[in-house]
Amino acid sequence: MSNEKPSDIRPYGRFVGDELILRDELALDRTLMASERTMLSYLRTSLGLLVVGGTVVKLNLMGSPIADTVVGVISFALALFLTYIGITRHLTLLRSMRPLRANSERAKQDA
């Protein structure tokens, strides 16, 4: 590979400027929906971790208040981290697809 940084890599950059056919537009829609499903999975998992952390802290499941607090804090931190990762990945994909979506909308207006 060349000296590209990971932030410079645009997976959909080679399609910008080309006219998209129906198959390409449908592929974009599938990719967008898959990204939304993945983000919702991250959010669902983080919500589960929040519930587990709260339950451990509230019900004293570990037997020791210190252990309960540590497990609860770790669970909360993991939930926040997963939420951040899920939203960041989804927004990154949206940004990389923006030029293609704009190109597709322009082509529809010209027709």
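The values are calculated or read from the model by the stated rules, or taken from the named source; none is laboratory data. Nothing here was measured: the structure is a model prediction, and the numbers come from that model. We place every Cβ from the backbone using ideal geometry, glycine too, and count neighbours over all the protein chains shown.
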message: Looking only at residues that are among the polar types (S, T, N, Q) and not in a helix (DSSP H, G or I) in region 27-80, which one is nearest to Leu94 (Cα to Cα)?
response: Asn60
Selected residue (criterion: modelled with the lowest pLDDT) from residues of region 84-111 that are among the basic types (Lys, Arg) and surrounded by 12 or more Cβ atoms within 10 Å (Cβ to Cβ): Arg101
field: Looking only at region 25-71, and only at residues there that are touching a residue at least 24 places away in the same chain (Cβ under 8 Å) and acidic (Asp, Glu), the one that is surrounded by the fewest Cβ atoms within 10 Å (Cβ to Cβ)
entry: Glu36
Hits in region 17-49 (condition: modelled with pLDDT of 95 or more and over 17 Å from Ser96 (Cα atoms)): Arg37, Leu40, Ser41, Tyr42, Leu43, Arg44, Thr45, Ser46, Leu47, Gly48, Leu49
message: Among the residues in region 1-12, are any hydroxyl-bearing (Ser, Thr, Tyr), surrounded by 12 or more Cβ atoms within 10 Å (Cβ to Cβ) and modelled with pLDDT of 85 or more?
response: no
